[in-house]
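The values are calculated or read from the model by the stated rules, or taken from the named source; none is laboratory data. Only a predicted model underlies this, so the values are computations on that prediction, with no experimental measurement involved. Cβ atoms come from the backbone with ideal geometry, glycine included; neighbour counts cover every protein chain shown.
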Amino acid sequence: MPIKRYEPLGENRFKPGDLVKRMMASHYTDHIKSDAIGVVLESTWPLAKVYFYDTAKEEVWNQKVLELIAK
């Protein structure tokens, strides 16, 4: 029986050092889209570890809710 190789369902959208914006409404922001800016520390599909300046913490987010910011 041949071995099936894992094929990712998507590709990394970001690389370490990219600036991103959180584009997700949450109960913390009173259901308004957050415009918090952060820098990507690690990126492995489908997640990205990002340091956000508003919370001064490292947070792990799905890449689908992050938007790349032009430098």
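Yes/no per residue for (1) modelled with pLDDT of 90 or more; (2) assigned to a loop (DSSP other than H, G, I, E, B):
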{"position": "Tyr6", "(1), (2)": "no, yes"}
{"position": "Leu9", "(1), (2)": "no, yes"}
{"position": "Phe14", "(1), (2)": "yes, yes"}
{"position": "Leu41", "(1), (2)": "yes, no"}
{"position": "Lys49", "(1), (2)": "yes, no"}
{"position": "Thr55", "(1), (2)": "no, yes"}
Somewhere in the stretch 17-28, is a residue surrounded by fewer than 11 Cβ atoms within 10 Å (Cβ to Cβ), farther than 10 Å from Leu66 by Cα and at pLDDT 80 or above? yes
